[in-house]
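The values are calculated or read from the model by the stated rules, or taken from the named source; none is laboratory data. For clarity, every value in this text was computed on a predicted model and none was experimentally measured. Here Cβ is always computed from backbone atoms with ideal geometry, including for glycine, and neighbour counts include all displayed protein chains. We work out accessible area using only protein heavy atoms, side chains counted, and drop any ligands, DNA or RNA first. Shrake-Rupley method; radii C 1.70, N 1.55, O 1.52, S 1.80 Å.
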Amino acid sequence: MKKFWEIFAYTRNYRINLLGSAVFSILNAVLSLFTFGALIPLLRVIFQTGAENPQPPADDLGFFDYYYQWFCYQMDVMVSDGGAVRALAYICLATVVLALIKNLVFYVSLRNIAVIRTGVARDLRKRVYEHITKLSLGYFSNERKGDIISRMTNDLMEVEFSVIGTIEVMFKAPIMIVFYLATLFIMSWELTLFALIFLPISGFLISRIAKSLKHAAKHGKDKLGELISVIEETLGGIRVIKAFNGEKAFNQKFDDHNESYFRLMNKLYKREYLSSPMSEFVSLVVICILLYIGGSIVLGDQSTMDGSLFITYLVIFSQIIPPARALSDAIFKINKGAASVDRINEILHAPIDVANHPDAVRKPDFEQAIELHNVGFAYEDKQVIKDVSLTIRKGETVALVGPSGGGKSTLANLVARFYNVSSGEVTIDGVPIARVDLHDLRSLMGIVTQESILFNDSVGSNITLGSDAPKADEMMRAAQVANAWEFIDQLDGKFEFNIGDSGNKLSGGQKQRLSIARAVYKNPPILILDEATSALDTHSEKLVQQAINNLMENRTSLVIAHRLSTIQNADRIVVIDQGQILETGTHQELMSAGGMYKRLVEMQEFD
Ligand code: ADP
């Protein structure tokens, strides 16, 4: 139940709707009672009980009995005066009008529930998404992408249906039950008290099964996350899977996951579906016992209850069953949904490692240098950067080279504060970057990644990403500087052209030039450039290199170089191997030193 309240807290933005729903639910319950109350006159008319000789109520009766007798008297008079058929017509008409009002009220209460239900789901989705965009990169390498997607879609949907969907029941059912019970108590407290004995028994049964449901649901959701991860991986690597004839292995892998998901869900539904037959059986037993006991009273000599009252009693009692069942179903569902609530909470409560410092320093400009002081970094417990010290002065181009896996990208990530350093410090103009306002820090840096990261949107939106007020003339200039205008000009709609998923409607070189245009548009003083490794044809290569040179002009650049020929003019080349700096110097200096750099250059010349 605690879980339910956690979600319930989201309803506070919908207080008016909650109130509306409660008021209309109560109205609905009252009107339902009147609808069933109409049974009494109906039965009296059909059986023409007492119509021969209508008796007004005696004065010494209790409140309920007096009005009941009075009502019967009026009915009997109506039948004896105007005939049974006419009385029947009146009753039917009254019942139709009553049912119309009741259902209108019911609909208004549901409309309020709709706002709450969809609103809470929207708010929750928004919060999870916002939190995801705040989490540091480290979170995404630890958690599998498919699992996150599964949590954001499946689990959220489960919460919407199982938990938020039950808000309606949670509101309406208790109100209905209380109203009906109160009426039953007034009609016959002995019978009602007897019926209530069964309440704790069914409550116990329901809670036992519900508890085991939560456990099974959690396993099920985890398994579904794994399943979606496999699908995601397959879609991403479908070309390689086909090229290496990997279909069979992947089908096998998918089957294994699919099969264990199937087994778990089978178990889960078998338990969940137990709820309905069980409560139906229990309620039928209760009704039969009531029928027997009540029937013996009615048939007995010293009858305190007349037949039509007893039938109405049973009808009202049977009306408790749907809300009671809905309530027990809701408890089941909530327990099942609680597992999803947990999974969503795991994301929502994941700590934001790279958060803005509480006393963050504003840093709109870059003036002198970025410095790394004895920086160390570990991914979980794997030390990948060890004691690195490096200064990048304003206007310099510093190239990081070295064997793959040496730690170049990690170092660049630390400078942009995608991760926090484990030891040492990175400073910008002497201020530790951990204390610099994160938005300012990222505004100072432009990043061009190895793979062009583009989004399913227009060319223009991809260039102006992150800009609050995109400027058309600067977008055009950026496209020209990045040598991208020549191909954009050919596209249908030019800047409006939609480039497809990850830019798959563009060629490799075009994608690269577009992501360079994005950095040019941002116009940051500092540039972090991870040179693309995938080779392009000579013409594209030349265009891209030219674009990069244009981009680097008048900026401070940190370049992760894969092709050493492109960085020979760098102010400084830093050779990194196994997380440490091996040598530093200009191309000439390092060539004459005859160390690793020279060997790397010679190896590449060989290619
Ligand atoms: P380079 O850019 O020089 O090729 P990286 O900085 O990418 O090297 O990687 C340095 C080391 O860190 C490698 O051993 C790599 O396996 C490890 N590494 C990189 N990213 C992660 C990650 N997200 N989680 C764990 N280890 C990682």
(request) Answer yes or no as to whether Phe366 is within 16 Å of the ligand (Cβ to nearest atom) and on the phi < 0 side of the Ramachandran plot. (result) no
(request) Go through the stretch 125-172 and give me each residue that's over 18 Å from Gly337 (Cα atoms) and either within 16 Å of the ligand (Cβ to nearest atom) or outside the structural domain of Ala195 (by TED's automatic domain parsing) (or both). (result) Leu135, Ser136, Leu137, Gly138, Tyr139, Phe140, Ser141, Asn142, Glu143, Arg144, Lys145
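Conditions (1) assigned by TED's automatic domain parsing to the domain that holds Leu590; (2) in contact (Cβ under 8 Å) with a residue 60 or more places away in the chain; (3) within 25 Å of Leu268 (Cβ to Cβ); (4) of a type in the set (Lys, Arg), marked per residue:
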position: Ala326; (1), (2), (3), (4): no, yes, yes, no
position: Ile334; (1), (2), (3), (4): no, yes, yes, no
position: Asp359; (1), (2), (3), (4): no, yes, no, no
position: Lys382; (1), (2), (3), (4): yes, no, no, yes
position: Val388; (1), (2), (3), (4): yes, yes, no, no
position: Leu400; (1), (2), (3), (4): yes, yes, no, no
(request) Tally the residues that are aliphatic (A, V, I, L, M) and either without any contact (Cβ under 8 Å) to a residue 60 or more places away in the chain or more than 29 Å from Leu39 (Cα to Cα) (or both), restricting the search to the stretch 301-324. (result) 2
(request) Pairs only if they're at least six apart or on different chains, beta carbon under 6 angstrom, first in the stretch 144-159 and modelled with pLDDT under 90, second open to solvent by 30 Å² or more (accessible area, probe 1.4 Å); list them, first residue then second. (result) Lys145/Glu232; Gly146/Ile228; Gly146/Glu232; Ile149/Ile228; Ser150/Ile228; Leu156/Arg125
(request) Determine whether the stretch 70-81 contains at least one residue that is out of contact with any helix residue (DSSP H, G or I) (no Cβ under 9 Å at 6 or more places or on another chain), farther than 30 Å from His219 by Cβ, hydrophobic (A, V, I, L, M, F, W, C) and open to solvent by less than 50 Å² (accessible area, probe 1.4 Å). (result) yes
(message) Looking at Phe47, Phe4, can you tell me which residue is closer than 24 Å to Ile186 by Cβ, modelled with pLDDT under 75 and not hydroxyl-bearing (Ser, Thr, Tyr)?
(response) Phe47
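What number of residues in the stretch 112-121 are surrounded by 14 or more Cβ atoms within 10 Å (Cβ to Cβ) and under 18 Å from Ala173 (Cβ atoms)? Talk me through it step by step, then tell me what you get.
Applying the first criterion (surrounded by 14 or more Cβ atoms within 10 Å (Cβ to Cβ)) to the stretch 112-121 yields 112-113, 115-117, 119-121.
Now drop any that are not under 18 Å from Ala173 (Cβ atoms), which leaves 112-113, 116-117.
Of the residues in that region, 4 qualify.
If a residue must be open to solvent by less than 40 Å² (accessible area, probe 1.4 Å) and either touching a Lys or Arg at 6+ places or on another chain (Cβ under 6 Å) or not polar (S, T, N, Q) (or both), how many such residues does the stretch 182-202 contain? Show your work before the answer.
Quick first cut of the stretch 182-202, residues open to solvent by less than 40 Å² (accessible area, probe 1.4 Å) only: 183-184, 187-188, 191-192, 195, 202.
Still in the running and either touching a Lys or Arg at 6+ places or on another chain (Cβ under 6 Å) or not polar (S, T, N, Q) (or both): 184, 187, 191, 195.
Qualifying residue count for the region: 4.
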(request) For the stretch 373-391, enumerate the residues that are of a type in the set (Val, Ile, Thr) and under 42 Å from the mean Cα position of the chain (by Cα). (result) Val375, Val384, Ile385, Val388
(message) Just to be sure I understand the filter: pairs with C-beta atoms under 7 Å, separated by 6 or more residues or on different chains, first member in the stretch 173-188 and in the same structural domain as Val23 (by TED's automatic domain parsing) and touching a residue at least 60 places away in the same chain (Cβ under 8 Å), second member among the small types (Gly, Ala, Ser) and assigned to a helix (DSSP H, G or I). Which pairs pass?
(response) Ala173/Ala326; Ile175/Ser25; Ile175/Ala29; Met176/Ala29; Ile177/Ala324; Phe179/Ala29
(request) Give Ile576, Ile567 a once-over and let me know the one that is under 50 Å from the mean Cα position of the chain (by Cα), open to solvent by less than 70 Å² (accessible area, probe 1.4 Å), at pLDDT below 90 and assigned by TED's automatic domain parsing to the domain that holds Val401. (result) Ile567
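So if I check each of Ala532, Ala482, Ala478, which one is under 22 Å from Asn456 (Cα atoms) and open to solvent by 10 Å² or more (accessible area, probe 1.4 Å)?
Working: Ala482 fails: open to solvent by 10 Å² or more (accessible area, probe 1.4 Å); Ala478 fails: open to solvent by 10 Å² or more (accessible area, probe 1.4 Å).
So the residue among Ala532, Ala482, Ala478 that is under 22 Å from Asn456 (Cα atoms) and open to solvent by 10 Å² or more (accessible area, probe 1.4 Å) is Ala532.
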